[in-house]
Amino acid sequence: MNTLTDITAARPVAPNPGDHHMSHAHISLKNIHKTYGDSVAVDRLDLDIEEGKFIAIMGPSGCGKSTLLRMLAGLEDVTSGDILREGQRINDLAIWERDMPMVWQSLALFPFLTVRENVEFGLRMNGVASAERRTRALDWLSKLGLEGYANRGVDQLSGGQRQRVALARCLVTEPSVLLLDEPLSALDAHLSVQMQGELKRLQRELGITFVYVTHSHSEAFSMADTVVIMNQGRIEQAGSPEDIYLRPATPFVARFLGGSSIFDCKARRRKSGELVLEGADGTFDCAASELVELDEGEKVSLIVRADQISVTAAAGWAENEVSARVMGEEFVGALVNLRLETASGTQITVQLQQRDMQALDIEVGAGITASWHPEDGHIIKT
Ligand code: ADP
Ligand code: MG
């Protein structure tokens, strides 16, 4: 890939992503609803997308991610609600009037056209003259490291090269918004990681708004400014990667991200006046900042991340302790994920260093004590 100074120079009007004055809702989805017959694909969804930001949309298969993106692109009608761009309703604009091209997994390159012709396609649709089309297409091919491939057929390219042609085809029209639907899922792991880096750099340097659908946690959390977690056509949580990781808003988000243990509890007031959490697995302390706004008897989920739980052979050492049985272990490089289960059936995940695991001499089926610091628990009202 060529230098990014080249790319920036090609688009001098690119907003500076670091300039907070530029941050405003560029695109607003207002009460967007989409049904197919009786089934609801997107359920009265609201979302503001800021200019120049990288938004990753995640959620289980069938939750409405692609439908949402296709409605933005103009490939799908909106049943009700409004899509606003700079405050203007764009529901009825045709695909080519939206300036929001979409890159998707199957790429949809034309097999009967050369690489250059594929890249020129969008410009041809926009009525750009032949000589200029050619110059701009070759320019983008070279920016994406494909200068030697202009006259090849797309079937003579590797997966990663095809992905770059698809990107060049979208970028050549210099859109301010790019929609991407699982663009890397067809690539092998190594190429995918390499493309992640390139995509993020392109997005940042060009100041293009990316709306990026992915099922990959690592893609979303490494690239995005905002992560949106969807479930059954609705948004469960939208926030910075850090926010979502540290403070999942719903038990669904905690479960979807994985790696956390969830204890169903109720708030109880001790004689001393302080609140504690009581559940089938025990009584737990929590940080005062987490307990504010809780009333006696209120139902909550207590979330504890796998890296915050310790295990010991003997009980009686820590404030928040749970007895559990070792169900299994999974080796991930130097780390071990230990799966435990309590008598009440709560699943607990513990992340340990392999050497600590060896020191503990843990066996599947053995009884063990899991514990965590009160300040490491995160409370979600249920
Ligand atoms: P995701 O991309 O999150 O996996 P989709 O947006 O593709 O989910 O689909 C959301 C829901 O809408 C699913 O239940 C799916 O079966 C349904 N759906 C999507 N496209 C159509 C269609 N063209 N006709 C009928 N149902 C559809
Ligand atoms: Mg999809």
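The table below lists the values:
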item: Number of the condition not met by Leu113 [criteria: (1) at pLDDT 90 or above; (2) under 30 Å from Ile32 (Cβ atoms); (3) surrounded by fewer than 17 Cβ atoms within 10 Å (Cβ to Cβ); (4) among the aliphatic types (A, V, I, L, M)]; result: (2)
item: Boolean, Glu198 is surrounded by fewer than 19 Cβ atoms within 10 Å (Cβ to Cβ), of a type outside the set (Val, Ile, Thr), under 31 Å from the mean Cα position of the chain (by Cα) and on the phi < 0 side of the Ramachandran plot; result: yes
item: Checklist (1) of a type outside the set (Ser, Thr, Tyr); (2) more than 19 Å from Ile208 (Cβ to Cβ); (3) not in a helix (DSSP H, G or I) applied to Met100, failing item; result: (2)
item: Yes/no for Val253 being more than 25 Å from Asp46 (Cβ to Cβ), away from ligand 2 (no atom under 16 Å from the Cβ) and at pLDDT 95 or above; result: no
item: Any hit, segment 31-51, residues being assigned to a strand (DSSP E or B), within 14 Å of the chain's Cα centre (by Cα), buried (at least 18 other Cβ atoms within 10 Å of the Cβ) and within 15 Å of ligand 1 (Cβ to nearest atom); result: no
item: Segment 346-355: number of residues that are more than 16 Å from Glu321 (Cβ to Cβ) and in contact (Cβ under 8 Å) with a residue 12 or more places away in the chain; result: 6
item: Residues being in a loop (DSSP other than H, G, I, E, B) and either of a type in the set (S, T, N, Q) or touching a residue at least 40 places away in the same chain (Cβ under 8 Å) (or both) - total across segment 362-382; result: 6
item: Residue pairs meeting the criteria (Cβ under 9 Å; at least 6 apart or on separate chains; first of a type in the set (A, V, I, L, M), in segment 47-61; second part of a loop (DSSP other than H, G, I, E, B) and within 11 Å of ligand 2 (Cβ to nearest atom)); result: Ala56/Thr214; Ile57/Thr214; Met58/Thr214; Met58/His215
item: Within segment 331-351, tally of residues that are of a type outside the set (S, T, N, Q) and more than 13 Å from Ala306 (Cα to Cα); result: 7
item: Filter result (under 20 Å from Gly239 (Cα atoms) and more than 7 Å from ligand 1 (Cβ to nearest atom)) within segment 61-71; result: Leu69
item: Search result, residues across segment 52-66 that are crowded, with 18+ Cβ neighbours inside 10 Å and either more than 25 Å from Arg201 (Cβ to Cβ) or among the charged types (D, E, K, R) (or both); result: Lys53, Gly59, Cys63, Gly64, Lys65, Ser66
item: Residue in segment 123-140 that is farther than 17 Å from Leu178 by Cα and within 16 Å of ligand 2 (Cβ to nearest atom) present; result: no
item: Residue match in segment 218-234 (condition: closer than 30 Å to Asp361 by Cα and out of contact with any Phe, Trp or Tyr (no Cβ under 9 Å at 6 or more places or on another chain)); result: no
item: Meets criteria (within 30 Å of Gln196 (Cβ to Cβ), charged (D, E, K, R) and at pLDDT 95 or above) for Glu298; result: no
item: Residue among Met102, Met125 that alone is closer than 20 Å to Leu75 by Cα, in contact (Cβ under 8 Å) with a residue 40 or more places away in the chain and touching a helix residue (DSSP H, G or I) at 6+ places or on another chain (Cβ under 7 Å); result: Met102
item: Filter result (within 32 Å of the chain's Cα centre (by Cα), within 18 Å of Gly345 (Cα to Cα) and free of Cβ contacts under 8 Å to residues at least 40 places away in the same chain) within segment 280-318; result: none
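The values are calculated or read from the model by the stated rules, or taken from the named source; none is laboratory data. Here the structure is a predicted model, which is why all the values come from computation and not from measurement. Using ideal geometry, Cβ is built from the backbone for each residue, glycine included, and neighbour counts are taken over all protein chains shown.
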